[in-house]
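Reading through the structure tokens given below for one structure.
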Number of protein chains: 2
Amino acid sequence: MDFDLAHGIAVLERTPHTLRAMLAGLPPAWTDADEGPGTWSPWAIVGHLLHGERTDWIVRAELILAQGAERRFTPFDREAQFRESRGRSLGELLDEFAAVRAENLKTVSTWRLTGAQLALMGEHPDLGPVTLGQLLATWVAHDLGHVAQISRVMARQYRDAVGPWRAYLPVMDR
Amino acid sequence: MDFDLAHGIAVLERTPHTLRAMLAGLPPAWTDADEGPGTWSPWAIVGHLLHGERTDWIVRAELILAQGAERRFTPFDREAQFRESRGRSLGELLDEFAAVRAENLKTVSTWRLTGAQLALMGEHPDLGPVTLGQLLATWVAHDLGHVAQISRVMARQYRDAVGPWRAYLPVMDR
């Protein structure tokens, strides 16, 4: 599927509602569970999404749109949430994510992006030249990937509890 | 994590809201998309969840609880949704799923299940002896697996659109 701005935004605006529907009010036994050392719980994943919302997508899009001399993105800190979310409840993180996401989508709508702008380029510190369209498509896919991850992390808590059904549940082992 | 009835129900009661938040009102470009021949779209997955809700979980739980002479489950039809959902909109399926799920959880609450009942056994046509607790844990994990699948199927529509970021998005290829 080609990237389509309206379709992409339809997903981006749903993500805060999806995360709230999945996680708000759930016992910590679910929201603090992970897949073992070095893996992320739903709480950590929401913190990661919030950090990206504050520092990554819009900042990079603005850098591309400006087409200034410096088009190289600042590297994204994949561990920032463990510092920034410390002591914060999942409910707080969900509310803040919803607020910042709404602001960011308002910003995008004020840009009234054209096809020509979606083809403008920036430079990813590791991946090299990327377009604004690819950045926005990645924003969407990144949301979806982490929603899938939250659901998988939770499902795997019942890896043993499901007994022999484990063989029929691809989410457990694949 | 051991199966805990209250924790399991906390997930089961959220799933209809999660599916609505993710999918209600999305363009068919998202909800009818799949991962290729023989794979399922979000529309097909919601139909599958609805079919399970009508024919599988509660029916099997009742068979176990009755502890009659016949404790062998009827095999589940994994393709039923392509017959039963034909011509039905995703919105209809989401509404019906929410209604049947709510009924089913009401039924479960009237059972006031004890630990001894959760250890009662039935017989899966392929997997052999299984407990009521394993069945209920599987109901939860099955929901979560399909929420993860919907999100993955959608993410993969942007496999090409994300350009070089594909290498950083495990959801695309793993």
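Looking at residue A:20 and the list (1) under 17 Å from residue A:145 (Cβ atoms); (2) in contact with an Asp or Glu (Cβ under 9 Å, 6 or more places away or on another chain), which single condition is not satisfied?
(1)
Filter the stretch B:127-142 for residues that are free of Cβ contacts under 8 Å to residues at least 40 places away in the same chain and in contact with a Phe, Trp or Tyr (Cβ under 8 Å, 6 or more places away or on another chain); which is nearest to residue B:63 (Cα to Cα)?
B:130
Which pairs do you get when a residue that is more than 17 Å from residue A:134 (Cβ to Cβ), found in the stretch B:145-162, comes within reach of a residue that is part of a loop (DSSP other than H, G, I, E, B) and modelled with pLDDT of 95 or more, reach meaning Cβ atoms under 6 angstrom, with the pair 6+ apart or on two chains?
From residues that are more than 17 Å from residue A:134 (Cβ to Cβ), the pairs are B:145/A:169; B:153/B:35.
Evaluate the stretch A:144-158: report whether one residue or more is more than 7 Å from chain B (Cβ to nearest Cβ), among the basic types (Lys, Arg), more than 19 Å from the chain's Cα centre (by Cα) and in a loop (DSSP other than H, G, I, E, B).
Within the stretch A:144-158 (the criterion being more than 7 Å from chain B (Cβ to nearest Cβ), among the basic types (Lys, Arg), more than 19 Å from the chain's Cα centre (by Cα) and in a loop (DSSP other than H, G, I, E, B)), the answer is no, since none of the residues qualifies.
Please report, ordered by residue number, the helices (runs of 4 or more DSSP H) entirely within the stretch B:1-79 with at least 2 residues that are of a type outside the set (Val, Ile, Thr) and in contact with a strand residue (DSSP E or B) (Cβ under 8 Å, 6 or more places away or on another chain).
Where helices (runs of 4 or more DSSP H) fall fully within the stretch B:1-79 and carry at least 2 residues being of a type outside the set (Val, Ile, Thr) and in contact with a strand residue (DSSP E or B) (Cβ under 8 Å, 6 or more places away or on another chain), they are B:57-66.
In the list A:97, A:82, which residue meets the criterion of being part of a helix (DSSP H, G or I), aromatic (Phe, Trp, Tyr) and open to solvent by less than 10 Å² (accessible area, probe 1.4 Å)?
Criteria check complete, one pass: A:97.
Would you check which residues across the stretch A:114-127 are outside any helix (DSSP H, G or I) and more than 9 Å from every other protein chain (Cβ to nearest Cβ) and list them?
A:114, A:119, A:120, A:121, A:122, A:123, A:125
Within the group B:130, B:108, which residue is part of a strand (DSSP E or B) and among the β-branched types (Val, Ile, Thr)?
Testing whether each residue is part of a strand (DSSP E or B) and among the β-branched types (Val, Ile, Thr) leaves just B:130.
Among the residues of the stretch B:5-20, which ones are crowded, with 19+ Cβ neighbours inside 10 Å and either over 23 Å from residue A:34 (Cα atoms) or charged (D, E, K, R) (or both)?
Within the stretch B:5-20, B:14, B:16, B:20 meet the criteria.
The values are calculated or read from the model by the stated rules, or taken from the named source; none is laboratory data. Given the structure is predicted, the values throughout are model-derived calculations rather than measurements. Glycine gets a Cβ as well: all are built from the backbone with ideal geometry, and neighbour counts include every protein chain shown. These accessible areas exclude ligands, DNA and RNA; they are computed on the full protein's heavy atoms, side chains included. Shrake-Rupley method; radii C 1.70, N 1.55, O 1.52, S 1.80 Å.
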